[in-house]
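Asks: Mind having a look at this structure? Questions to follow.
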Amino acid sequence: AYRLAREGKRFEIPSRKITVSRLRIIDYNYPYLKCICDVSSGTYIRTLVEDIGKALNTGAYCQELRRTRIGDYQIGYAQAIDKITRV
């Protein structure tokens, strides 16, 4: 899907069951909303944002996305590329 999006092609992502275990609003300054989400594997955040906009009878899109965790790997343990040396 991301390849098609980068190529500017239109497509539909098939529906799937997801779990949103946390959706916390960090900041709201109309028309911008900043939040933190904990979601199940396979969740498309941009699609979730669009779905929330539809549920609120308005438009919505993801302006910025930062992944802070994948499974047990957390951003707090990440190293800058210039700090990594060959082992």
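Every number here is computed from the coordinates shown, using simple stated rules; none is lab data. Note that this is a predicted model, so its numbers are computed, not measured. Glycine also receives a Cβ, built like all others from the backbone with ideal geometry; neighbour counts cover every protein chain displayed.
Asks: Do we find that S21 is in a loop (DSSP other than H, G, I, E, B), small (G, A, S) and surrounded by fewer than 10 Cβ atoms within 10 Å (Cβ to Cβ) in this structure?
Replies: Numbers: in a loop (DSSP other than H, G, I, E, B): no; small (G, A, S): yes; surrounded by fewer than 10 Cβ atoms within 10 Å (Cβ to Cβ): yes.
Against the criterion (in a loop (DSSP other than H, G, I, E, B), small (G, A, S) and surrounded by fewer than 10 Cβ atoms within 10 Å (Cβ to Cβ)), S21 does not qualify.
Asks: Got a number for residues in the stretch 24-48 being assigned to a strand (DSSP E or B), in contact with a strand residue (DSSP E or B) (Cβ under 9 Å, 6 or more places away or on another chain), exposed (fewer than 10 other Cβ atoms within 10 Å of the Cβ) and not basic (K, R)?
Replies: In the first step, residues of the stretch 24-48 are kept if they are assigned to a strand (DSSP E or B); the result is 24-29, 32-39.
Cutting the leftovers down to in contact with a strand residue (DSSP E or B) (Cβ under 9 Å, 6 or more places away or on another chain) gives us 24-28, 33-39.
Still in the running and exposed (fewer than 10 other Cβ atoms within 10 Å of the Cβ): 24-27.
Those left that are additionally not basic (K, R): 25-27.
Qualifying residue count for the region: 3.
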